[in-house]
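This report concerns only the one structure given below.
Taken together, the values in this text are just the output of simple stated rules run on the coordinates, not laboratory data. Since we're looking at a predicted model, the values are computed, not measured. With ideal geometry, Cβ positions are generated from the backbone for all residues, glycine too; neighbour counts draw on all protein chains shown.
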Amino acid sequence: METTWTETTSSSFRQGVQAGVTIAIGYMPIALTFGLLAKTTGLTLVETTMMSAVVYAGAAQYIALNLFAVGTGAFEIVLTTFILNIRHFLMSASLNEKAEPDALWKKALYAFGITDETFSVAAMKEGTVNASYMFGLGLMAYGSWVVSSAIGYIVGANLPKSLQESMSVALYAMFIGLLVPALKKQRKTVVLAGMAAIINSICTIFLHISKGWSVVIATLAAAIIMQWFAEESEAKQDE
């Protein structure tokens, strides 16, 4: 019985590793770019690696870099990244319905490794998922992200000084690159982005609120207003 359990656990772990290979490959260029930009922003190699190891959230880390670059305080950065990652509560709750019964500490451990990509792979897997599978899946993605971030930083450190300084523009270019495809797909995204930009500008220019708090206020206000309009629209359709 013990041999069968061990073989099953090992098999599930291997399946998770195999499923995580494509995610690991996909993470490499994004993490390399993050490491490169972290160097130009002023972070050290240890800080960059620890940020990827502890935060482990691509979009949140890029936003944190941007906020750090403009001198935003630590509390505003933490609050902004928390708001951005609230969706992980929903993903974890959803995946828990698919997960086999297991020790709470195991679930808590592999929940740390849940990202948009690992969630999608686990959710699409036939049948249930267990801790061994999730550990294998998460290990591949996590290892790729952390190691590639460090490599990106090292590469950035060896670039000419003039090129390092010019790379600061790449951070804004990346955000534009992430935003434009979404703008093309949904009109609602255009309105949401425009509303957030207007609120952020009002807070910064007219109300003289710090850039960090302006981002937090704009994010929350735009999301709340859009949700209110959506509910009003649904209510009118039901009438």
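Numbers below:
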read-out	value
Dipole axis of the chain (+1 Lys, Arg; -1 Asp, Glu on Cβ), positive-most option in 158, 220, 209	158
Most fluctuating residue given options 93, 53, 31, as computed from a GNM of the chain linking Cα atoms under 10 Å	93
Charged-residue dipole, Cβ positions (Lys, Arg, Asp, Glu), the chain about Cα centre, Debye nearest 20	660
Ranked list, fewest to most other Cβ atoms within 10 Å of each Cβ, for 188, 211	188, 211
Cα point-scatterer Debye curve for region 186-239, base-10 log of I(q)/I(0) at q = 0.23 Å⁻¹	-0.81
Residue 197 versus residue 87: modelled label distance in nm, points set 7 Å from Cα along the beta carbon direction	2.1
Shape parameters for the chain, alpha-carbon atoms, Rg then Dmax in Å	20.6, 70
Dipole axis of the chain (+1 Lys, Arg; -1 Asp, Glu on Cβ), positive-most option in 189, 113, 93	189
Distance (nanometres) between label positions extended 7 Å along Cα→Cβ at residue 226 and residue 75	2.7
Proximal lysines to residue 107, defined as alpha-carbon separation beneath 24 angstrom and excluding residues fewer than eight positions away on the same chain	98, 125
Dipole of region 1-148, positive direction: furthest Cα of 52, 62, 132, with charges on the beta-carbon	62
